[in-house]
Amino acid sequence: MLKQVGHCIWVAEQPLKFLGLPVGTRMTVILRSDNSLLLISPIKIDANLKQQIDSLGTVKYIIAPNLFHHLYLENCQQIYPQAELIAPPGIESKQPKITISQTFERDKIDFNGEVEYIPFKGFQVYIPPKIATVNEIVFFHPSSQTLILTDSAFNFDRNFPLITQLAARILGCYQSLQPSLLEKIAIRDKEAISKSISRILAWNFQRVIMAHGNIVEKNAKEKLAAGYEWFLS
Ligand SMILES: [Fe+2]
């Protein structure tokens with residue numbers, strides 16, 4: 001079910017487990033002034049959700065926001081074969097059946113200023129037993145003053161199952177907008193992180209949507225700055 005969170009921006013959510021923990025996942029839908037839609041981090045699109053999406057506009061872009069959120073790209077491309085699929089470098093080895101129209105960082109992708117983005121340089125995650133590159137792309141939607149993150153910050157709270165709350169407390173991302181210990185121990189290039197977060201904080205956003213956690217509606221910039229203080233010190 002689509003839920004409007006701001007001017008020309010909606011989200012849809014579905015259950016998802018990561019490392020056995022129920023963390024949920026979230027897709028963001030943005031409507032541009034030409035009536036075209038961007039689907040960022042698509043979830044499984046059933047008939048109901050498709051009907052709601054189609055009532056908003058025409059899907060023009062399917063966007064993989066990093067190397068981990070690729071599970072439903074193929075399903076989404078089958079449903080919207082006319083849409084351009086844009087992904088970070090490296091996604092082709094994870095989803096060999098999809099057709100990629102453009103690649104972040106290789107192609108100059110222009111959303112007419114209605115959506116801006118930067119690659120989150122230096123961002124990595126430790127998924128035992130190895131450190132993985134994420135290639136996360138961070139998006140900004142000026143007209144709703146919304147920042148769209150995927151795995152670069154979480155915000156788990158009491159709306160999540162107890163086991164997830166416990167894990168989030170241990171991993172340092174319970175009721176706070178920040179990456180978990182798994183990212184903190186994986187990140188080596190703090191300078192790159194510092195530059196990226198400075199660029200992100202220069203955007204004029206009030207709200208943060210992330211893939212896993214509760215959307216932050218107030219003081220989001222201050223909360224994100226505080227959540228990344230560890231990397232900036
Ligand atoms: Fe994720």
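Quick note: the coordinates plus some simple rules give every number you see, no bench work behind them. Just so you know, these numbers come straight off a predicted model, no measurement behind them. Counting neighbours? That spans all protein chains shown, and the Cβs are built from the backbone with ideal geometry, glycine included.
With both bridge residues required to lie in the chain, what share of the DSSP beta bridges run antiparallel, to the nearest 5%?
Among the beta bridges of the chain, antiparallel pairing accounts for roughly 65 percent.
What number comes out for the charge environment of P65, summing +1 per Lys or Arg and -1 per Asp or Glu over other residues with Cβ under 9 Å away? If you can, show how the numbers build up before the last one.
Details: positive: none; negative: E136, D151.
Charge balance in the 9 Å sphere: -2.
Longer than 28 Å from Cα to Cα, which of K17/K195; K97/K130; K94/K130; K3/K221; K184/K221; K3/K218 are they? Say none if no pair is.
K17/K195
If you line up the Cα atoms of segment 35-151 on their principal axes, what length do they span on each, largest first, in Å?
Principal-axis extents of segment 35-151 (Cα, largest first): 43, 31, 24 Å.
Which of the three applies to segment 128-192, rounded, prolate or oblate, going by the alpha-carbon gyration tensor with a ≥ b ≥ c and a/c under 1.5 meaning rounded?
Here segment 128-192 falls in the oblate category.
Looking at segment 105-233, send over the antiparallel percent of its DSSP beta bridges, to the nearest 5.
Of the beta bridges lying entirely in segment 105-233, close to 70 percent run antiparallel.
Over the Cα atoms of the chain, what radius of gyration and what Dmax do you get, in Å?
16.6, 48
Before rounding to the nearest 500, sum -39500 (n - 2.57) across all DSSP H runs of length at least 4 in the chain and divide by the residue total; then give [θ] at 222 nm in deg cm²/dmol. Don't jump to the answer; show the numbers that get you there.
Values: 7 runs with 55 residues, N = 233.
For the chain, the value works out to -6500 deg cm²/dmol.
Rank-order 29-36, 17-24 by packing density, defined as the average count of other C-beta atoms within 10 Å over each peptide's residues, highest first.
Descending mean neighbour count gives 29-36, 17-24.
Normalising by the residue count of the chain, find the relative contact order in percent from Cα pairs under 8 Å and 6+ residues apart.
About 16 percent, as a whole number.
Taking neighbour counts of Cβ atoms within 10 Å as a proxy for exposure, in what order, fewest first, do R106, R199 appear? Working shown, then result.
Values: R106 9, R199 16.
If I rank by nearby Cβ atoms, fewest first, I get R106, R199.
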